[in-house]
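Asks: Here it is: the structure, laid out below.
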Amino acid sequence: MSDNSAFANTSYQDQVVIVTGAASGIGRSAAQLIAARRAKVICADLNQPGLDEVVATITSAGNYAESALLDISNQSAIKDFISSSASKHKRIDALINCAGYPGPTGKFVEDIDWDDYQKVISVNLFGAIWLTQYVLPIMKKQKYGRIVQVASIAGKEGNPKMAPYNTAKSGLIGFVKGVAKEVATDGITINSLAPAVIATPINVNTAKETLDYMISKIPAGRLGEPIEVAEMIAFMGSKACSFTTGFTFDISGGRATY
Ligand SMILES: NC(=O)c1ccc[n+]([C@@H]2O[C@H](COP(=O)([O-])OP(=O)(O)OC[C@H]3O[C@@H](n4cnc5c(N)ncnc54)[C@H](O)[C@@H]3O)[C@@H](O)[C@H]2O)c1
């Protein structure tokens, strides 16, 4: 393989990529990086002002982005969104699912309101499943696809007093492992990613006790930056990620070395 063709595998030229959670944090950084690598990026989120901002940033840099208002806890809205994106662009090369939220933190499992518990599962797990279900038939027809699910270190190790989030993210890791084997001969890879604490707005409402616990567990002694996560996502979502599937990539500053 020549150097040029190796480089081409990390380029997104002529590709269409959906990024959920693109209005903020990790998703926003991933959308910007992948657009800079020449993809047409469809930025989906429930935060319209955040979407407007990220699309303006990407287009003013001379790259392509469009926005879609989407709540990933709404199954029929996901179905419509995937179908209209595929009709418009004729293909979907990668799905990068970064939308998520932590839900209750600093609470013992028995004190968590069931509605709150279910909502965390709906967004962080059901949303991820529905996106995958609706995008896979399109990718199978193309005989090509990359799916990246942003899970969490919480799904690998479990953080105390974050039971709904731990449940959803570990469910997501298991989901990815099995689906990967179903599509392994279809030109499709699906992987997840387990960040430790990354400096994004998601942590603003996390109980101090919980946040201090998570930070104290990071041997690197600092928070991760969204661009560090975006770099790994950009690899996972590209043609270059062709022989790794069903895996949970680590980005935890040394907390999880497995
Ligand atoms: N930042 C961290 O420390 C960290 C650590 C581990 C995992 N994660 C995961 O990374 C992903 C991105 O988080 P982030 O840190 O960038 O947070 P963030 O809050 O900056 O961004 C999350 C985005 O998801 C969107 N979102 C939330 N619920 C949604 C829904 N129902 N439908 C559509 N969009 C929705 C929000 O509007 C927001 O724009 C999440 O899945 C999160 O669980 C983050």
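Asks: If a residue has to be surrounded by fewer than 18 Cβ atoms within 10 Å (Cβ to Cβ) and either without any contact (Cβ under 8 Å) to a residue 12 or more places away in the chain or within 30 Å of Arg255 (Cα to Cα) (or both) to count, how many in region 130-156 make the cut?
Replies: 3
Per-residue answers, yes or no, for (1) closer than 22 Å to Phe235 by Cα; (2) out of contact with any Cys (no Cβ under 6 Å at 6 or more places or on another chain):
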site	(1), (2)
Gly21	yes, no
Val54	yes, no
Leu69	no, yes
Ser73	no, yes
Asp93	yes, yes
Tyr101	no, yes
Asp115	no, yes
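Asks: Another question, if that's okay. Looking for something in contact with a helix residue (DSSP H, G or I) (Cβ under 8 Å, 6 or more places away or on another chain) and under 30 Å from Asn205 (Cβ atoms) - is there at least one such residue anywhere in region 4-18?
Replies: yes
Asks: Being within 18 Å of Val229 (Cα to Cα), within 15 Å of the ligand (Cβ to nearest atom) and of a type outside the set (D, E, K, R) narrows it down to one residue among Ala168, Ala163, Ala194; which is it?
Replies: Among Ala168, Ala163, Ala194, only Ala194 is within 18 Å of Val229 (Cα to Cα), within 15 Å of the ligand (Cβ to nearest atom) and of a type outside the set (D, E, K, R).
Asks: Taking Asp45 as the residue in question, decide whether it is within 9 Å of the ligand (Cβ to nearest atom) and open to solvent by 50 Å² or more (accessible area, probe 1.4 Å).
Replies: No; evaluated as a whole, the condition is false for this residue.
Asks: Only one of Gln149, Gln118 is modelled with pLDDT of 95 or more, of a type in the set (S, T, N, Q) and under 19 Å from the mean Cα position of the chain (by Cα); which?
Replies: The match here is Gln149.
Asks: Right, next: When only residues in region 7-42 that are in a helix (DSSP H, G or I) and surrounded by fewer than 18 Cβ atoms within 10 Å (Cβ to Cβ) count, which is nearest to the ligand (Cβ to nearest atom)?
Replies: Ala36
Asks: Does region 212-237 hold any residues that are assigned to a helix (DSSP H, G or I), at pLDDT below 95 and open to solvent by 40 Å² or more (accessible area, probe 1.4 Å), and which are they?
Replies: Passing the criteria: Asp212, Tyr213, Ile215, Ser216.
Asks: Do we have Ala65 as of a type in the set (A, V, I, L, M), in contact with a Lys or Arg (Cβ under 9 Å, 6 or more places away or on another chain) and either more than 10 Å from the ligand (Cβ to nearest atom) or at positive phi (or both) here?
Replies: In short, yes.
Asks: When you scan region 153-185, how many residues do you find that are more than 28 Å from Asp115 (Cβ to Cβ) and not in a helix (DSSP H, G or I)?
Replies: The number of residues fulfilling the criteria is 3.
Condition check ((1) more than 14 Å from Ile18 (Cα to Cα); (2) of a type in the set (Phe, Trp, Tyr); (3) more than 10 Å from the ligand (Cβ to nearest atom)) across all residues:
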{"residue": "Leu69", "(1), (2), (3)": "no, no, no"}
{"residue": "Asn74", "(1), (2), (3)": "yes, no, no"}
{"residue": "Ala86", "(1), (2), (3)": "no, no, yes"}
{"residue": "Arg91", "(1), (2), (3)": "no, no, yes"}
{"residue": "Cys98", "(1), (2), (3)": "no, no, no"}
{"residue": "Tyr101", "(1), (2), (3)": "yes, yes, no"}
{"residue": "Asp115", "(1), (2), (3)": "yes, no, yes"}
{"residue": "Val123", "(1), (2), (3)": "yes, no, no"}
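The values are calculated or read from the model by the stated rules, or taken from the named source; none is laboratory data. Note that the coordinates shown come from a computational prediction; the quantities given were computed from them, not determined experimentally. Here the Cβ is made from the backbone with ideal geometry for all residues, glycine too, and neighbour counts use every protein chain on show. Keep in mind that these areas ignore ligands, DNA and RNA; they rest on the heavy atoms of the full protein, side chains included. Shrake-Rupley method; radii C 1.70, N 1.55, O 1.52, S 1.80 Å.
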